[in-house]
Amino acid sequence: MIYMKILVVGSGGREHAIAKALAHSPTTELYAVMTRKNPGIAELAKGILICPETDIHAVAGFCREKNISYAFIGPEAPLEAGIVDILSESGVRCVGPSMMAARIETDKSFCRSLMCKYNIPGLPQYHIFHTGHEAEKFLRSSEDEYAIKPAGLTGGKGVRIMGEHLTREEAYTYVRNLSGDMVIEELLVGEEFTLQAFVDGIHLVPMPLVQDHKRAYEGDIGPNTGGMGAYTLPDHRFPFVTGEDYEKALTIMKQAISALASEGTPYLGILYGQFMNTARGPMVIEFNARFGDPEAMNVLSILKTDLTEIVRAVTSQSLDTMNIEFEHKATVCKYLVPEGYPDNPVSGQPIREGTGSSALCYYASVFRDGDHLVSQSSRTLAYVGIGDTLESAEKTAEEAASSVTGPVRHRRDIGTAGLLEKRIRHMQAIR
Ligand code: AMP
Ligand code: GLY
């Protein structure tokens with residue numbers, strides 16, 4: 001048997017899901033580079049390197065030492081640092097874009113300018129400013145409210161919505177104190193959904209639609225987080241996204257890929273499109289150059305096709321020859337987060353999983369210490385329930401999540417009929 005040595009870069013729940021899907025293949029020999037030792041990934045990997053994921057030269061050295069020929073990059077930070085450029089130079093084929101192509105996520109002003117240059121639909125009205133002073137002058141001259149976004153990476157915590165997070169005066173102060181470029185754009189009103197796709201530079205294969213829950217508390221209140229949980233439906237669509245909306249979103253993603261190819265920076269890897277479905281149809285909130293976390297856990301848990309085969313196809317521009325399939329099941333993912341997360345998380349506390357659940361478990365920011373886990377300051381572990389209906393998937397995930405003991409909490413409302421109904425009614429009111 002010819003083994004394929006594949007490296008997974010990253011230490012969260014998303015990377016545990018990627019590692020698990022890759023390890024499923026009997027021909028995969030898995031390696032991992034992680035900032036901290038994720039117990040789930042460590043269990044699956046033949047060899048691991050603990051180092052910052054942005055230390056791209058150390059990662060390249062590890063690949064040479066272990067003779068690794070493929071790499072799957074989980075988070076955005078190493079992409080921004082140029083991990084794919086460095087690994088490609090030493091012959092490692094990567095699922096993940098080059099530093100230049102990753103700017104579609106890492107530089108929001110690049111993303112908006114690209115959409116504008118190539119006339120890609122779904123572009124909100126936007127303005128790019130190089131100084132806080134110019135931005136403040138603009139805001140003071142307008143009566144409207146805007147979304148304010150630092151152009152660079154902020155770990156999902158830099159965007160501020162006027163009228164929601166900030167008063168006008170606070171908005172002036174916020175932009176005045178921002179350094180670097182910023183994008184100020186029209187406020188979009190609607191329902192958000194995520195479309196992720198495998199991309200090989202030319203071809204794009206979409207995955208089931210997912211909806212994440214950014215807010216820390218039930219009923220979508222509280223501060224923004226990395227994502228508290230997400231769900232998918234058996235038909236891989238949402239009732240608040242029409243067939244026409246879906247086709248428009250998919251076309252936008254394809255146009256973004258061909259725009260990057262025309263720029264001489266072809267895109268390989270996972271493209272994540274965050275859309276706001278509005279009265280005008282889907283508008284682009286942002287693109288990410290990687291899987292979402294938790295969204296990866298939803299879709300990879302029902303991926304029927306061998307992920308290792310997909311890695312081969314992505315890195316050899318042959319996605320068009322593959323038939324990639326997902327089970328027609330609902331999934332509900334719920335993250336357990338430390339009490340006080342995200343503002344004042346308690347960490348270093350023992351947590352114990354319940355027993356007897358059929359939910360899939362993915363580890364994130366936890367250590368294993370003997371028979372229990374020890375929390376850190378970020379999202380700790382996630383459960384994914386799978387079912388023929390949203391209701392049964394939710395029940396499975398909820399039972400597992402509520403069986404965990406220790407100072408952690410989760411959102412009980414994710415994947416419930418009540419929340420889905422609210423989204424549908426909201427969209428009806430907007431249309
Ligand atoms: P981002 O970090 O770009 O994903 O933005 C974080 C969140 O801010 C998104 O998930 C949206 O809920 C919200 N957001 C971003 N841009 C806009 C916009 N133009 N209008 C309304 N909400 C937005
Ligand atoms: N869950 C949102 C993200 O990964 O960006």
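The values are calculated or read from the model by the stated rules, or taken from the named source; none is laboratory data. Keep in mind the model is a prediction, meaning the values are calculated, not measured. Neighbour counts are summed over all protein chains in view; Cβ atoms, including those assigned to glycine, are modelled from backbone coordinates with ideal geometry. Heavy atoms of the whole protein, side chains included, go into the accessibility calculation; ligands, DNA and RNA do not. Shrake-Rupley method; radii C 1.70, N 1.55, O 1.52, S 1.80 Å.
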- [ ] Would you list, by chain and number, the aspartates and glutamates whose Cα falls below 14 Å from the Cα of Lys66, excluding same-chain residues fewer than 8 positions away?
- [x] Glu29
Open item on the list: If I stretch the segment between Val346 and Ser316 completely, what's the gain in nm (0.36 nm per residue apart, minus their alpha carbon distance), one decimal?
Closed with: 6.3 nm
Task: Net charge of neighbours whose Cβ lies under 13 Å from the Cβ of Glu244, counting Lys and Arg as +1 and Asp and Glu as -1 - done: +2
Task: Accessible surface, per residue, of the chain when the full set of protein chains is kept, probe 1.4 Å, Å² - done: 40 Å²
TODO: Take the alpha carbon atoms of segment 4-30, find their center, do the same for segment 68-137, and report the distance between the two centers in whole angstrom.
DONE: 24 Å
Open item on the list: Checking the a/c ratio against 1.5 first, then a/b against b/c, what shape does the Cα gyration tensor give for segment 363-431?
Closed with: prolate
- [ ] Once you have a ≥ b ≥ c as the square roots of the Cα gyration tensor eigenvalues for segment 264-423, tell me rounded if a/c is under 1.5, and otherwise prolate or oblate according to whether a/b is larger than b/c.
- [x] prolate
- [ ] Starting from the Cα gyration tensor of the chain, take the square roots of the eigenvalues, sort them a ≥ b ≥ c, and report rounded, prolate or oblate (rounded when a/c is under 1.5, otherwise prolate if a/b is larger than b/c, else oblate).
- [x] rounded
- [ ] Mind scanning Lys117/Lys248; Lys108/Lys214; Lys214/Lys304; Lys248/Lys395; Lys304/Lys422 and naming the pairs with a C-alpha gap bigger than 21 Å?
- [x] Lys214/Lys304; Lys248/Lys395; Lys304/Lys422
Task: Separation in nanometres of the label points that stand 7 Å from Cα toward Cβ, at Cys51 and Cys116 - done: 4.0 nm
Open item on the list: Whole-Hz ³J(HN,Hα) for each residue in segment 388-399, computed from phi via Karplus 6.51 cos²θ - 1.76 cosθ + 1.60 with θ = phi - 60°, x for glycine and proline: what do you get?
Closed with: 5, 10, 4, 4, 6, 5, 5, 4, 4, 5, 5, 4
Open item on the list: Helix-only mean residue ellipticity at 222 nm, the chain, DSSP H runs n ≥ 4 weighted -39,500 (n - 2.57), per residue, nearest 500. What is it?
Closed with: -9000 deg cm²/dmol
TODO: Mind grabbing the accessible area of Glu105 for me, 1.4 Å probe, Å², rounded to tens?
DONE: 10 Å²
